[in-house]
Amino acid sequence: VAEEPSVKIRPYRATDRDGLVDLWRIAFPNTPPHNEPARMIDAKLAVDDLILIAEESEIVVGACMAGYDGHRGWLYALAVRPESRRKGLGVRIVLHAVEKLRELGCIKVNLQIRADNAEVEAFYQTLGFAREDRISMGLRID
Ligand SMILES: CC(C)(COP(=O)(O)OP(=O)(O)OC[C@H]1O[C@@H](n2cnc3c(N)ncnc32)[C@H](O)[C@@H]1OP(=O)(O)O)[C@@H](O)C(=O)NCCC(=O)NCCS
């Protein structure tokens, strides 16, 4: 995978807010209101700051959110701007997030992919993620 060295991957800063909102709007166009980008950022920062930003010339070109609950690590909302895709940036962001989770003591990283987004499975497979025989369940409590 080709590297794009002009892109820096670093923790989220307050000044990234508009750029991250823009990125997530582009990458996840049919987002339900409870996943509205600005709301996601505020809710995440109220708990911890595990948001990674890929920046190129002060533009947010990629991002990922991670979480560690003391048992498992999770990745959420990985996105790369369309014009920056297929240059290895998604891989670099995930590797940074995985390293952060490892530093926190995490030994297993999970993620969910929507059934209508199956091509992302090929992306995660290149990183060694494998499909597991689990039933994914959820409960809305809002
Ligand atoms: C998924 C996503 C983050 C990948 O970012 P990226 O920077 O393009 O990924 P990379 O360049 O690091 O890809 C690495 C490898 O993954 C595989 N891959 C990446 N995108 C792929 C696709 N759309 N279809 C099939 N394989 C893909 C390829 O093997 C690729 O290597 P190659 O380009 O040498 O063939 C990007 O497509 C994206 O933002 N998608 C929209 C948002 C989304 O669906 N996010 C995931 C859900 S949480």
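Structure summary
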{"item": "Region 76-99 - residue that is crowded, with 22+ Cβ neighbours inside 10 Å and without any contact (Cβ under 8 Å) to a residue 40 or more places away in the chain and, of those, farthest from the ligand (Cβ to nearest atom)", "result": "VAL94"}
{"item": "Condition check for ALA54: open to solvent by less than 40 Å² (accessible area, probe 1.4 Å) and away from the ligand (no atom under 11 Å from the Cβ)", "result": "no"}
{"item": "Residue, least open to solvent (accessible area, probe 1.4 Å), within region 14-31, restricted to residues that are of a type outside the set (A, V, I, L, M, F, W, C) and outside any helix (DSSP H, G or I)", "result": "THR31"}
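The values are calculated or read from the model by the stated rules, or taken from the named source; none is laboratory data. Keep in mind the model is a prediction, meaning the values are calculated, not measured. We place every Cβ from the backbone using ideal geometry, glycine too, and count neighbours over all the protein chains shown. Only protein heavy atoms, including side chains, enter the accessible area calculation; ligands, DNA and RNA are left aside. Shrake-Rupley method; radii C 1.70, N 1.55, O 1.52, S 1.80 Å.
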